[in-house]
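Report on the following structure.
The values are calculated or read from the model by the stated rules, or taken from the named source; none is laboratory data. Since the model is a prediction, treat every value here as computed from it, not as a measurement. Quick reminder, even Gly has a Cβ in these numbers, built from the backbone with ideal geometry, and neighbours come from all protein chains shown. Accessible surface areas use protein heavy atoms only, side chains included; no ligands, DNA or RNA. Shrake-Rupley method; radii C 1.70, N 1.55, O 1.52, S 1.80 Å.
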Amino acid sequence: MRIDIVTALPEIVKGPLDHSILRRARQKGLVDIRVHDLRDYAADRHRTVDDYPFGGGGGMVLKPEPIFACIEALKADAEAAGHPVDEVIYLTPDGAVFDQPTANALSLKHHLVLLAGHYKGVDQRVRDALVTRELSIGDYVLSGGELPALVVVDAIVRLIPGVLGDAASALSDSFQDGLLDAPVYTRPATFRGMRVPEVLRSGDHRRVAAWREAERLRKTRERRPDLLEEETARPAPPRRDLPPSS
Ligand code: ADE
């Protein structure tokens with residue numbers, strides 16, 4: 001998979017790509033993530049990427065020219081290489097709220113371009129002519145789309161087969177089948193008088209599975225009853241099959 005992140009603030013994005021699971025996925029060649037600085041596509045000496053909004057009002061708006069230049073160049077390269085861009089995704093608080101089914105669907109694509117905007121946004125003509133999907137990571141406003149782009153990248157990349165050590169792990173995550181995840185414990189079995197539930201130490205896999213399922217339901221009912229209503233209202237999301245166990 002290839003992901004291009006287009007931003008006026010590349011330094012915000014680069015750090016997290018070089019750690020932990022994202023770093024390992026890149027090193028293993030499972031995903032090729034490239035960060036593009038919009039200033040490199042600005043036409044003027046000062047490398048201007050934003051300007052005042054027509055009609056007045058506060059904040060700056062990202063200009064269309066550098067964004068068109070960057071994304072059109074990416075698309076042309078991708079086409080020439082035989083792996084066209086599948087989607088150009090703009091991160092914006094007025095987009096569709098990003099969720100696990102969307103992460104699942106995007107993880108099956110081959111080439112994504114993510115565009116991070118200033119908090120005041122990008123010129124509407126970019127959205128009209130280039131963007132294929134608009135995503136928000138929640139109902140709050142951040143200072144730019146860089147952190148949301150990283151959130152989306154992380155959620156997608158960890159679903160690519162081979163990225164997580166344990167393939168079963170991603171499928172049992174909270175939300176993956178519409179329920180929250182069960183509590184987890186590690187050693188020591190007793191810590192400051194608090195004991196790990198006996199069933200988890202029983203070695204009885206059926207009892208463990210039954211306990212986890214009950215805990216997932218209990219937790220979801222308690223914290224997110226809305227998910228249980230959704231569960232009955234919509235069909236289960238498509239899921240990747242587990243690779244054959246060796
Ligand atoms: N840019 C600013 N706030 C955002 C949000 N909540 N989601 C996506 N992009 C954003």
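Descriptive notes on the structure:
- Helices (runs of 4 or more DSSP H) wholly inside segment 45-154 containing at least 3 residues that are more than 26 Å from ASP173 (Cα to Cα): 64-80, 124-129
- For segment 76-98, the set of residues classified as hydrophobic (A, V, I, L, M, F, W, C) and under 15 Å from the mean Cα position of the chain (by Cα) consists of VAL88, ILE89, LEU91, ALA96, VAL97, PHE98, listed by residue number.
- Note on segment 33-44: among residues that are open to solvent by less than 60 Å² (accessible area, probe 1.4 Å) and in a strand (DSSP E or B), the one that is farthest from ARG2 (Cα to Cα) is ASP37.
- Number of positions in segment 170-198 that are surrounded by 15 or more Cβ atoms within 10 Å (Cβ to Cβ), of a type outside the set (Gly, Ala, Ser) and in a helix (DSSP H, G or I): 1
- Test: residue in segment 141-151 that is in contact with a helix residue (DSSP H, G or I) (Cβ under 9 Å, 6 or more places away or on another chain) and of a type in the set (Val, Ile, Thr): no
- For segment 96-120, the set of residues classified as near the ligand (Cβ under 8 Å from one of its atoms) and at pLDDT 95 or above consists of PHE98, ALA116, listed by residue number.
- Under the condition of being open to solvent by less than 60 Å² (accessible area, probe 1.4 Å), over 20 Å from MET1 (Cβ atoms) and within 16 Å of the ligand (Cβ to nearest atom), the residues counted in segment 61-95 number 5.
- Residue identified as open to solvent by less than 20 Å² (accessible area, probe 1.4 Å) and under 18 Å from GLY144 (Cα atoms) among PRO10, PRO53: PRO10
- For beta carbons closer than 7 Å, sequence separation of 6+ or different chains, a first residue in segment 200-212 that is of a type in the set (D, E, K, R) and a second that is open to solvent by less than 60 Å² (accessible area, probe 1.4 Å), the qualifying pairs are ARG201/ALA189; ARG207/VAL199; ARG212/ALA182.
- When we screen ASP123, ASP139, ASP128, ASP154 for residues that are more than 30 Å from LEU228 (Cα to Cα), among the acidic types (Asp, Glu) and open to solvent by 40 Å² or more (accessible area, probe 1.4 Å), the only hit is ASP128.
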